[in-house]
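Engineer: Questions regarding the structure given below will be posed in turn.
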Amino acid sequence: MELSDAVRNRRMVRAFSDRPVPAELLDDVLAQALSAPTAGNSHGVDFVVLRGARETAMFWQATTTEDWWQRNPRRAGMRSAPVVLLPVSGPPPYLARYALEDKARSGLDRLEAWPIPFWFTDAAFATMIVLLRAVDAGLGAAFVGIFRGESSLLSSLGVPDGLRPLGAVLLGYPAPHQAPSASGLLPGRRRGERIHFGSW
Ligand SMILES: Cc1cc2nc3c(=O)[nH]c(=O)nc-3n(C[C@H](O)[C@H](O)[C@H](O)COP(=O)(O)O)c2cc1C
């Protein structure tokens, strides 16, 4: 598939078939995600990969409540994703990298000095590769935020202190029917309103 087709065709997929994702394909998606640009070549993004119902249930149990599922019936298909990826990053590798001689003058060996937390920028770039490679491979994916249960999730997964998930990527083959999300029904803003040639 052409890159421009993958970009154009990408939509968040929130319901999945029970067809498993082949291990080699998952490996390829992850390998490409790890080739994303990374500030200072820090390579500070890791992925926790949850495969199959037993592992993915751990994610849903930590981050949602039964009450939430009842209030959001259109989201029911998300739980059927056979793979949940957590792009995880945080300051430690970046502070260490920017303390090295070639970057030392930046002062970015101190957390407070960072104008933008590049550990999340890197995680977002890597996540975008997952979303696009999914389309390319005939898979579907959705990025979702984590609004509760983050610390218990991280401790049950053994993630080192100081690292956080950007959110979660649900991955699998799309189910034939996709319920529209409330956000997807909004009209959005027109391109001409959002591109500011020369000045705002
Ligand atoms: C930072 C971010 C957070 C998002 N969080 C959620 C989420 O928690 N749940 C969800 O269903 N979709 C989530 N989305 C998906 C958006 O709702 C979706 O991208 C938007 O409605 C546009 O639809 P499209 O991506 O299918 O074009 C998120 C997207 C981004 C970029």
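Engineer: For segment 101-123, which residues satisfy the criterion of being in a loop (DSSP other than H, G, I, E, B) and not hydrophobic (A, V, I, L, M, F, W, C)? If you could, list the steps in order and put the result at the bottom.
Structural biologist: Taking segment 101-123 and keeping what is in a loop (DSSP other than H, G, I, E, B), we get 107-110, 114-117.
Across segment 101-123, the qualifying residues are G107, D109, R110, P115, P117.
Engineer: Are any residues in segment 152-196 among the charged types (D, E, K, R) and in contact with a Ser or Thr (Cβ under 8 Å, 6 or more places away or on another chain), and if so, which ones? Even if it seems obvious, please write down each step before you answer.
Structural biologist: Filtering segment 152-196 down to residues among the charged types (D, E, K, R) leaves 161, 164, 189-191, 193-194.
R164 - this is the single residue of segment 152-196 that is among the charged types (D, E, K, R) and in contact with a Ser or Thr (Cβ under 8 Å, 6 or more places away or on another chain).
Engineer: Of all residues in segment 156-200, which are within 30 Å of P93 (Cβ to Cβ) and either touching a Lys or Arg at 6+ places or on another chain (Cβ under 6 Å) or among the aliphatic types (A, V, I, L, M) (or both)?
Structural biologist: L157, V159, L163, L166, A168, V169, L170, L171
Engineer: Is it the case that some residue within segment 135-146 is in contact with a Phe, Trp or Tyr (Cβ under 8 Å, 6 or more places away or on another chain), buried (at least 20 other Cβ atoms within 10 Å of the Cβ) and at pLDDT 95 or above? Steps first, answer last, please.
Structural biologist: Within segment 135-146, the first condition is being in contact with a Phe, Trp or Tyr (Cβ under 8 Å, 6 or more places away or on another chain), and the residues that meet it are 138-140.
Add one more test, that the residue is buried (at least 20 other Cβ atoms within 10 Å of the Cβ), and what stays is 139-140.
Okay, now just the ones that are also at pLDDT 95 or above, so 139-140.
Taking every residue of segment 135-146 in turn, at least one turns out to be in contact with a Phe, Trp or Tyr (Cβ under 8 Å, 6 or more places away or on another chain), buried (at least 20 other Cβ atoms within 10 Å of the Cβ) and at pLDDT 95 or above.
Engineer: Could you count how many residues in segment 157-187 are within 19 Å of the chain's Cα centre (by Cα), more than 16 Å from M58 (Cα to Cα), near the ligand (Cβ under 10 Å from one of its atoms) and in a loop (DSSP other than H, G, I, E, B)?
Structural biologist: 2
Engineer: Which condition breaks for A15 when tested against (1) in contact with a Phe, Trp or Tyr (Cβ under 7 Å, 6 or more places away or on another chain); (2) within 16 Å of the ligand (Cβ to nearest atom); (3) farther than 30 Å from F118 by Cα?
Structural biologist: (1)
Engineer: Restricting to segment 140-153, give me the number of residues that are touching a residue at least 60 places away in the same chain (Cβ under 8 Å) and within 23 Å of F118 (Cβ to Cβ). Before you say what the answer is, go through the steps one by one.
Structural biologist: Let us first name the residues in segment 140-153 that are touching a residue at least 60 places away in the same chain (Cβ under 8 Å), namely 140-144, 146-150, 152-153.
From what's left, within 23 Å of F118 (Cβ to Cβ): 143-144, 146, 150.
Qualifying residue count for the region: 4.
The values are calculated or read from the model by the stated rules, or taken from the named source; none is laboratory data. Predicted, not measured: the structure shown is a model, and the values here were computed from it. Cβ atoms come from the backbone with ideal geometry, glycine included; neighbour counts cover every protein chain shown.
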